[in-house]
1. Considering Cα pairs under 8 angstrom that are at least six residues apart, work out the relative contact order of the chain and quote it in whole percent.
2. Give the long-range amide H neighbours of I128: residues separated by 5 or more places, or on another chain, with amide H under 5 Å away, using H modelled in the peptide plane at 1.01 Å from N.
3. With a 1.4 Å probe and every protein chain kept in, tell me what percent of the accessible surface of the stretch 47-166 is carbon plus sulfur.
4. Rounded, prolate or oblate for the stretch 177-323? Axes are the square roots of the Cα gyration tensor eigenvalues, ordered a ≥ b ≥ c, and the cut-off for rounded is a/c under 1.5.
5. Would you calculate the volume per residue, in Å³, of the smallest convex hull containing every Cα atom of the stretch 220-291?
6. Taking a probe of 1.4 angstrom, what is the accessible area of M328 in Å², to the nearest 10?
7. Taking R0 as 25 Å, what's the FRET efficiency between I245 and E73 from their Cβ-Cβ distance, rounded to 0.05?
8. Once you wrap a convex hull around the alpha carbon atoms of the stretch 96-199, what is its projected area averaged over all directions, in nm²?
Amino acid sequence: MKTKLFPSYTIGPDAYNEIAEICMPFGKKIAVIGGERAINAAKNKIKNAVADSQLIITGFFPYGGEASVENIERLKSIPEIEESDMIFAVGGGKAIDTAKVLAQRTNKTFFALPTIASTCAACTSLGILYHPDGSLREYSFSSIPSKHIFIDSEIIANAPDKYLWAGIGDSMAKYFESSVSSRGDELTHSQEMGVTIASMCNGPFLKYGVKALEDCKKNIVSSELEEILLGVIVSTGFASNLLNIDLTTGLAHAVYNGFTVIPQIEEHHHLHGEIVSYGILVLLAVDKQENELRRIHKFNSALGLPTKLSHLHCSLNDVDKVIEKALMGIDVKHYPYVVTPYIIKSAIEYMESYN
C-alpha cells in the first residue's frame with residue numbers, strides 16, 4: 001500500500017485566525033516548539049487565536065538551536081510537551097524539523113507555523129537531522145506531514161529578508177534536481193506529478209522573485225511576496241511529498257552537504273539555501289545545460305546569491321574536502337550517470353571563470 005499525505009494551508013496576514021477551527025478536532029493541549037525569535041514574533045498572534053476557544057497552550061519551548069537527536073530527546077522529556085495533544089512547529093527549517101520529528105516519533109498531531117520562508121520543511125514529511133556541530137547526520141523518513149500550515153505573510157514580511165533570499169535559492173533546486181534525477185526513469189503516477197509540480201519551482205520564481213525580495217526588504221505584504229511564499233513552502237513541499245528520496249534530491253544538495261564540513265561556512269553564517277543556490281550552478285555545469293546555466297547565473301547575480309567560491313568565503317583549496325563529503329551521502333546515488341569527483345571539480349573550476 002502506498003499512501004501520500006498532504007497538509008492543507010492558509011496564507012495571509014490573518015492566517016492564524018483559522019487556528020481554533022482547524023485544530024480543535026485534534027485535542028485541547030498545544031505545545032509550541034520553535035526558535036526563540038520565531039516564538040517571540042508569533043506568540044501574541046497565537047495567544048489571540050486560541051483566546052476564545054477550548055484550546056490550551058501548555059508552553060512555548062525553544063527547540064535548542066539545532067535539529068539534532070539530542071534536542072529531540074530533551075524536548076521529549078518535558079512534561080508539558082509529553083502531555084500535549086498536538087505540537088505547533090514554529091520558525092524556520094531546523095526548528096520545524098525538530099518539532100516535526102519529535103511529533104512523528106511520539107505519535108502527536110503537529111501543525112506548522114513558518115515565520116520565515118527559507119525551506120519547505122513546513123510542508124514535507126521528511127526531516128533533516130544534524131549533529132550538534134551542524135554537520136549533516138541523517139534523513140528522518142516518515143509519510144506524515146503537518147496537518148495544516150498557517151502561513152502568516154505579515155510575520156514573514158517582517159522577518160529578516162535574508163531567509164527569503166536563501167529560500168528562493170533552495171526551492172529552485174527542486175525543479176533542477178528532480179528533472180535530472182528522474183531522467184530516463186519510468187515514472188509512477190505520483191512521481192510524474194511530483195516532477196510536474198516541481199516545475200512550479202522554476203518559472204514563478206524567475207517571474208516574481210526579484211519583486212518579492214524587494215517587498216520583503218520593505219516589510220510589504222504583496223501578491224508577489226505571497227506567490228513566492230507559496231512556492232517556497234507549498235510547491236516545493238508537495239513535490240517532496242510525492243517524490244521518493246532518489247528524485248527529490250540531487251547534486252545541488254550534495255554540494256550543500258559537502259560545504260557543511262568547511263569551517264568558514266558556519267563562521268560566516270552562510271545559509272542552507274544560499275549554498276544550495278550555488279549547487280544549482282554546479283549541477284547545471286555538470287549536466288552541460290548551458291542555456292539554463294546562463295539564465296540562473298543571471299538570476300543569482302540579480303538577487304546577490306553566490307555564483308563562485310569567494311561568495312561563500314571558500315577557495316579551490318577547499319574543493320576536495322567538499323567533494324569528498326558531497327559524495328558520501330545518498331543525493332547522487334540515483335542519477336542518470338555516474339557523478340565523479342573529477343566532474344564536480346571541473347564544474348566548480350568552470351564556474352570560477354564563468355562570465
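The values are calculated or read from the model by the stated rules, or taken from the named source; none is laboratory data. What you see is a predicted model, and the numbers here were worked out from it, not measured in a lab. Glycine also receives a Cβ, built like all others from the backbone with ideal geometry; neighbour counts cover every protein chain displayed. To get the accessible areas, we keep the full protein, side chains included, count just its heavy atoms, and leave off ligands, DNA and RNA. Shrake-Rupley method; radii C 1.70, N 1.55, O 1.52, S 1.80 Å.
1. Details: 704 pairs, mean separation 56.0, N = 355.
Averaging sequence separation for qualifying contacts and normalising by length gives 16 percent for the chain.
2. So I128 has HN proximity to S140.
3. 48
4. Oblate, because a/c is 1.5 or more while a/b does not exceed b/c.
5. In the stretch 220-291, the Cα convex hull volume per residue is 138 Å³.
6. Near enough 130 Å² of accessible area.
7. With R0 = 25 Å, the Cβ-Cβ based efficiency is 0.55.
8. Reported value for the Cα convex hull: 8.0 nm².
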